[in-house]
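Structure first, then comments.
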């Protein structure tokens, strides 16, 4: 185990985060605050409670998830895409490090940043709406699992992409719609039966549902199912990354 | 003594079908300076990239310090420092951080004293807190060398180290390479500047279209393939060579003022003396003469054109 290498990559990535503090922390916090002002306070005060939870509080877990998904993706994908783009990847590839160590460094840093971001957004939300957390342990677990899983997913995108445009396409065109349609702002029970069934194919539903359950004890799907789906998605990402390194896909050659 | 790098039957075919290496065998001795020469696209960088682990080989075996670069990559790679051809560094990092990063990446604990020494040796100490994007091209090149040296490698690859580098910096790099060799480091450099190989290398290898054409001690190569030329500047121009002087080795310039005689440096059987005597007999007088020895560059050109 080359612990010094993991540390070096991790610290390098974290240094990049601090260097781009405005862009990486301040801007997601600002945009989430705007959601709270509009949906939480302005519109939310005229909305009925959902499952006994005020609308303002109801959207908190969904909004945190929205930020975590997009930020994990863009951070992790940018983290590995940049060295590929600039050519500095040669050094990592020629170093005595294993695939697991490279992933630990890059994905670990991206996930760390997402967790920090999630915590800041939760604190910010507290300024707009009062809410409690019923299962703090599970809340943290879902936060961590989601950050890691989508950082892994972002790593894959960063390896796959060969232009800055492709780097943007997946978060913009796939993740944002899936999150909006994944019950971030409503309970999927509010949908007509056909759309409800269709929604169950959206993996984000399980993330949001499980995360919301840890706050309020109510969920669209059973929390066990949420956990299983999250872990399954993580396993799928790990499998793809393992193949990437085994075949050298787009990293070597 | 076993070679520090042993390459056997190495092949590489890219996904496009391009065969970059066609069964390369090469042994690099511990502590030598080895120059790998070859035209663009001959496979120099592919060969280096496979040894360093950046490109997967298609077939064959590469061992560094006895460690297989694929199966035992950790041990193999920790011996190697690589300075690639392109100036690729993180623009926003400081010199100090990027060099320390490299050391960590290669599994070495922090050692500020060593990083300081490397930076001082490369005249980068004053710039340690500067961002890399603020440095000149020559300084960036030195930063890349510092990164490669930060983890105390036993083998240093320099891929076109002095391309686009001014004369003064080139000299200082040569000095640095010699100092490294004195500490026991093996240096492998690829270059377009034959002058560089001639100046630095103990041995020279020439690669052409994915195959090693020749590997030889530099001095031996020059002795073996070296040719000498005698040029006579005639006092009176000649319209044509007298028929009885005709010899494939003898050439008359277009204006008839210069007579050039090419001969083998090793196997000169008194040809020069004989020629001069016969010229004197015919009253062909010359006002000046000069001899020249073919350089490594001439040898190289003739090798890559395929006539060894």
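Residues A:185, A:211, A:201: which one is at pLDDT 90 or above and either surrounded by 14 or more Cβ atoms within 10 Å (Cβ to Cβ) or in a loop (DSSP other than H, G, I, E, B) (or both)? Give the steps one after another, and end with the answer.
Working: A:185 fails: at pLDDT 90 or above; A:201 fails: at pLDDT 90 or above.
Going through A:185, A:211, A:201 in turn, the sole match is A:211.
Given the conditions (1) surrounded by fewer than 22 Cβ atoms within 10 Å (Cβ to Cβ); (2) free of Cβ contacts under 8 Å to residues at least 60 places away in the same chain; (3) under 14 Å from the mean Cα position of the chain (by Cα), report the number of the one that residue A:229 does not fulfil.
Unmet for residue A:229, out of (1) surrounded by fewer than 22 Cβ atoms within 10 Å (Cβ to Cβ); (2) free of Cβ contacts under 8 Å to residues at least 60 places away in the same chain; (3) under 14 Å from the mean Cα position of the chain (by Cα): (3).
Six or more apart or on different chains, Cβ atoms under 6 Å: show the pairs whose first residue is in the stretch A:87-108 and within 11 Å of chain B (Cβ to nearest Cβ) and at positive phi and whose second is in a loop (DSSP other than H, G, I, E, B) and at pLDDT below 95.
Final answer for the pair search is A:87/B:86; A:87/B:88.
Condition check: away from chain B (no Cβ under 14 Å), over 12 Å from the mean Cα position of the chain (by Cα) and over 19 Å from residue A:8 (Cα atoms). Does residue A:120 satisfy that?
For residue A:120, the condition - away from chain B (no Cβ under 14 Å), over 12 Å from the mean Cα position of the chain (by Cα) and over 19 Å from residue A:8 (Cα atoms) - is met.
Please give the helices (runs of 4 or more DSSP H) falling wholly within the stretch B:87-182 in which 3 or more residues are within 14 Å of another protein chain (Cβ to nearest Cβ), more than 26 Å from residue B:42 (Cα to Cα) and out of contact with any strand residue (DSSP E or B) (no Cβ under 6 Å at 6 or more places or on another chain). Walk me through it before giving the result.
On the way: elements: B:95-105, B:112-121, B:137-149, B:167-182.
Helices (runs of 4 or more DSSP H) meeting the threshold: B:95-105, B:137-149.
Taking the stretch A:59-81 as the search range and keeping residues that are at pLDDT below 90 and more than 14 Å from the chain's Cα centre (by Cα), which one is nearest to the other protein chains (Cβ to nearest Cβ)?
A:60
Select, from B:199, B:216, B:251, the only residue that is out of contact with any strand residue (DSSP E or B) (no Cβ under 7 Å at 6 or more places or on another chain), surrounded by 14 or more Cβ atoms within 10 Å (Cβ to Cβ) and not in a loop (DSSP other than H, G, I, E, B). Even if it seems obvious, please write down each step before you answer.
Values: B:216 fails: out of contact with any strand residue (DSSP E or B) (no Cβ under 7 Å at 6 or more places or on another chain); B:251 fails: out of contact with any strand residue (DSSP E or B) (no Cβ under 7 Å at 6 or more places or on another chain).
B:199 is the lone residue from the list that is out of contact with any strand residue (DSSP E or B) (no Cβ under 7 Å at 6 or more places or on another chain), surrounded by 14 or more Cβ atoms within 10 Å (Cβ to Cβ) and not in a loop (DSSP other than H, G, I, E, B).
Could you tell me which of the residues A:139, A:172 is part of a helix (DSSP H, G or I) and without any contact (Cβ under 8 Å) to a residue 24 or more places away in the chain? Walk me through it before giving the result.
Values: A:139 fails: without any contact (Cβ under 8 Å) to a residue 24 or more places away in the chain.
On inspection, the qualifying residue turns out to be A:172.
Quick check, is residue B:69 within 14 Å of another protein chain (Cβ to nearest Cβ), in contact (Cβ under 8 Å) with a residue 40 or more places away in the chain and either crowded, with 22+ Cβ neighbours inside 10 Å or within 26 Å of residue B:163 (Cβ to Cβ) (or both)?
So residue B:69 fails the test.
Results for (1) in contact (Cβ under 8 Å) with a residue 24 or more places away in the chain; (2) surrounded by 19 or more Cβ atoms within 10 Å (Cβ to Cβ); (3) within 14 Å of chain B (Cβ to nearest Cβ), shown as yes or no for each residue.
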| position | (1), (2), (3) |
| --- | --- |
| A:13 | yes, yes, yes |
| A:21 | no, no, yes |
| A:28 | yes, yes, no |
| A:34 | no, no, no |
| A:38 | no, no, no |
| A:41 | yes, no, no |
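The values are calculated or read from the model by the stated rules, or taken from the named source; none is laboratory data. All figures in this text were calculated on a predicted structure; none of them were measured in a lab. Because the Cβ atoms are built from the backbone with ideal geometry, glycine has one as well, and the counts that use them run over all protein chains shown.
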